[in-house]
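Values in this text are rule-based calculations from the coordinates and carry no lab data. Since the structure is predicted, the reported quantities are computational estimates derived from the model, not experimental observations. Here the Cβ positions follow ideal geometry from the backbone for every residue, glycine too, while neighbour counts run over all protein chains shown.
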Amino acid sequence: ATGSRPARVAIVGSGPAGFYAAARLLSKHDKATVDMYEKLPVPFGLARYGVAPDHPEVKNCEDKFTEVATSPRFNFVGNVDLGNDLPLSALKPHYDAILFAYGASKDKELGIPGEKATRSVHSARAFVGWYNGLPEHRDLDPDLTGEEAVVIGQGNVALDVARILLSDVEALRSTDIADYALEKLSKSKIKRVRVVGRRGPLQASFTIKEVRELLQLPSVSFDPIAKDVFPPESVINALPRAQKRLMQLLAKGSANDPKTSPKSWSLDFLLSPDSLHWSPIHPYHLTHAKFSRNELDPSDPYNPTSKVTPKYLSSGKPAMVNLPASVFFRSVGYKSLPLPGLEDLGIQFDTQRGVISNDGFGRVKSLSGSGEPRKLPDGSVITHLPGLYCAGWVKRGPTGVIASTMTDAFTTADTIIQDLTSHTSSAGSLLHAPRDSTGLGWDGVKEEAERRGLRPTSWKDWQRIDAVERERGLQKGKVRDKFGRVEDMLQVL
Ligand code: FAD
């Protein structure tokens with residue numbers, strides 16, 4: 001498509017999806033160049049700001065990403081919030097392809113009264129961002145002065161929240177947890193964390209490693225799971241291996257002597273949040289959360305996909321229960337939003353699923369129906385917009401670990417390479433960028449960024465910030481001491 005000049009690809013987002021796609025593009029297409037645009041001055045997305053500080057081995061992927069960035073065909077453009085600071089349309093004339101890998105910048109809500117954020121009601125996304133030093137949540141200041149925490153949702157993020165709340169701060173001190181969070185957690189009075197799910201143990205989405213970590217926390221006991229919600233042994237023995245081992249672990253954990261430690265946690269099943277309640281005397285003190293009880297489909301209660309329905313008392317009233325709560329976290333999933341300007345590029349966003357509509361291989365679906373028809377594996381036909389792609393959580397939805405994000409990003413990168421190659425003899429660039437080699441890529445966009453007074457950060461700038469964070473960390477006996485504010489990051493440059 002691009003003759004002898006490079007095939008210029010813009011990647012929006014520098015998380016695992018962006019970096020794995022860049023790695024693949026640069027290694028498989030020797031003329032590809034990548035400009036990676038990132039909202040924050042620093043790279044790595046949720047690898048830096050989501051993955052828990054006590055999971056340093058998961059962050060090893062950053063070494064691979066750093067290696068990618070050594071390529072002379074790679075360029076990092078940080079501190080540019082695309083769609084807000086700079087319109088997407090400013091990119092289009094300068095690239096052969098644009099790949100959206102901007103993740104999920106919001107979280108799902110419960111839609112219950114009292115959910116609005118206060119010092120005692122938070123999304124897990126905000127809390128995780130807070131303890132990981134994400135500038136957006138630097139000032140969260142969660143109220144940890146009470147003893148009872150309730151976390152809604154039973155995925156691994158909910159367990160991360162529970163573990164950080166219950167961990168001995170000394171065990172976190174040498175990690176890259178934000179200093180201010182460590183300080184606050186050291187004064188936390190939280191003694192009990194309830195991790196509450198709508199459905200039963202077989203329907204929970206946490207995995208064995210995260211449950212085991214919580215069960216093994218020193219000085220923290222596990223309150224046994226009520227026998228009546230737990231599947232019988234005959235059902236457990238017939239489960240697929242991973243789920244069977246998880247259930248066996250929960251059964252073993254439930255057999256321990258409860259309440260032997262100052263702190264405890266529990267998994268509470270079959271409860272849907274109904275409302276939050278504050279003290280009539282101290283209106284800022286959350287006292288409890290009210291839940292309606294659920295029951296699993298009685299004809300098929302041990303099917304992992306079994307749905308729940310509200311449980312009713314013999315009086316015909318819904319069965320309700322109150323759980324004490326001094327602080328409340330919802331952890332029911334992240335959510336992607338359409339970037340401002342996506343529509344102007346003709347891109348369809350599936351608001352229901354919270355993803356950029358795509359063909360599963362990363363080709364973006366056209367909003368108007370104009371574009372190139374393409375047959376999907378299921379036989380249906382979509383029209384896609386040549387030159388526009390997506391990868392990662394904004395493509396698949398906000399689920400999946402870094403390994404599955406990598407596989408997904410590789411698929412999209414292979415699609416881009418295939419399209420760039422198959423357009424060799426046609427009209428030129430997939431996005432119809434001018435065929436001459438001037439003013440393309442970041443060189444073409446830079447002027448517009450400067451005109452708007454932006455202060456983009458380069459990879460060198462990140463290396464400087466990284467070095468200072470590590471230096472500061474060394475003095476405090478920790479891996480790194482992150483800057484919690486964008487101004488402070490820019491200050492060291
Ligand atoms: P992200 O990592 O979110 O990256 C998106 C990037 O795009 C971000 O850097 C963002 O700042 C940037 N961006 C957003 N908007 C714009 C814009 N307008 N302009 C420019 N840039 C923009 N996986 C594991 O394997 N192990 C774990 O232990 C683990 N723990 C996790 C803990 C939490 C709390 C969460 C939420 C996830 C965890 N995961 C874990 C999953 C893993 O983080 C994801 O699979 C992966 O990060 C998704 O990658 P992504 O690139 O699609 O999105």
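Name all residues of the stretch 167-201 having a backbone nitrogen under 19 Å from the label point set 7 Å from the Cα of Thr145 along its Cα→Cβ direction, giving them as ranges.
181-192
Over the Cα atoms of the stretch 107-334, Rg to Rh with Kirkwood Rh, two decimal places?
Reported Rg/Rh, Kirkwood definition of Rh: 0.96.
Output the peptides 55-65, 232-242, 203-213, 186-196 sorted from most to least packed, where packing is the average of other Cβ atoms within 10 Å over each peptide's residues.
Working: 55-65: 14.0, 232-242: 11.5, 203-213: 17.1, 186-196: 19.1.
Taking the mean over residues of other Cβ atoms within 10 Å, the ranking is 186-196, 203-213, 55-65, 232-242.
When only C-alpha pairs under 8 Å and at least 6 residues apart count, what is the relative contact order of the stretch 186-247, in percent?
Values: 20 pairs, mean separation 25.4, N = 62.
Relative contact order of the stretch 186-247: 41 percent.
Which net charge results for the neighbourhood of Asp414, defined as the other residues with beta-carbon distances under 12 angstrom from its beta-carbon, given Lys and Arg at +1 and Asp and Glu at -1?
Here the count lands on +1.
Between Lys31 and Ala226, what is the label-point separation in nm under the 7 Å Cα-to-beta-carbon projection?
Rounded to a tenth, the inter-label distance reads 6.6 nm.
Given charges of +1 on the Cβ of Lys and Arg and -1 on the Cβ of Asp and Glu, with all other atoms neutral, how large is the dipole of the stretch 107-334 about its Cα centre, in debye to the nearest 20?
Approximately 420 debye in magnitude.
Of all DSSP beta bridges located in the chain, what percent are antiparallel, nearest 5?
Values: 30 of 68 bridges.
Expressed as a percentage, antiparallel bridges in the chain total about 45.
I'm checking a number: the convex hull volume of the Cα atoms of the chain, normalised per residue, in Å³. What is it?
172
Given 4 °C and 1.567 mPa s, how large is the Stokes-Einstein diffusion coefficient of the stretch 321-378 in µm²/s, with Rh as the Kirkwood radius over Cα pairs?
For these conditions, the coefficient is 91 µm²/s.
Rounding to the nearest 10 and keeping the result within 0 to 90°, find how far the Cα-based axis of helix 241-255 lies from the longest principal axis of the chain.
30
How long, wide and thick is the stretch 98-237, going by the Cα atoms along their three principal axes, in whole angstroms, largest first?
49, 44, 35
What distance in nm lies between label points placed 7 Å from Cα along the C-beta direction at Gln491 and Ala403?
Spacing of the two 7 Å Cα→Cβ label points: 4.1 nm.
Relative contact order of the stretch 107-334, please, whole-number percent, based on alpha carbon pairs below 8 angstrom and at least 6 residues apart.
29
Using every pair of alpha-carbon atoms in the stretch 175-241, split the distances into 5 Å bins beginning at 0 and state the percent of pairs per bin, rounded to integers.
Values per bin, smallest distances first: 3, 10, 16, 22, 20, 11, 7, 6, 4, 1.
For the peptides 473-484, 320-331, what is the packing order when you average, over each peptide's residues, the other Cβ atoms within 10 Å and list the highest mean first?
Result, highest mean Cβ count within 10 Å first: 320-331, 473-484.
Too long at a 18 Å Cα-Cα cut-off: which of Lys59/Lys482; Lys106/Lys395; Lys108/Lys184; Lys59/Lys209?
Lys108/Lys184
Please state the charge dipole magnitude for the chain, taken about the Cα centre, from unit charges on C-beta atoms (+1 on K and R, -1 on D and E), reported in debye and rounded to the nearest 20.
Dipole of the chain, to the nearest 20 debye: 740 debye.
Highest first, please rank the peptides 38-47, 454-463 by the mean number of other Cβ atoms sitting within 10 Å of their residues.
38-47, 454-463
Measure off 7 Å from each Cα along the Cα-to-Cβ vector at Arg452 and Ala255, then give the distance between these two points in nanometres to one decimal.
So the two model labels end up 6.1 nm from each other.
Taking the Cβ of Gly346 as the centre, find all other residues whose Cβ is under 14 Å away and add up their charges (Lys, Arg: +1; Asp, Glu: -1).
Summing Lys and Arg as +1 and Asp and Glu as -1 gives 0.
Please compute the contact order of the chain in relative form: average sequence separation of alpha-carbon pairs under 8 Å and at least six residues apart, divided by the residue count, as a percent. If you can, show how the numbers build up before the last one.
Values: 1012 pairs, mean separation 114.7, N = 493.
Value for the chain: 23 percent.
On a 0 to 90° scale, report how tilted helix 441-451 is relative to the longest principal axis of the chain, with both axes built from alpha carbons and the result rounded to the nearest 10.
Here the helix axis deviates by roughly 80 degrees.
Compute the signed sum of charges (Lys and Arg +1, Asp and Glu -1) over the other residues within less than 11 Å, Cβ to Cβ, of Ile112.
Neighbour charge sum, excluding Ile112 itself: 0.
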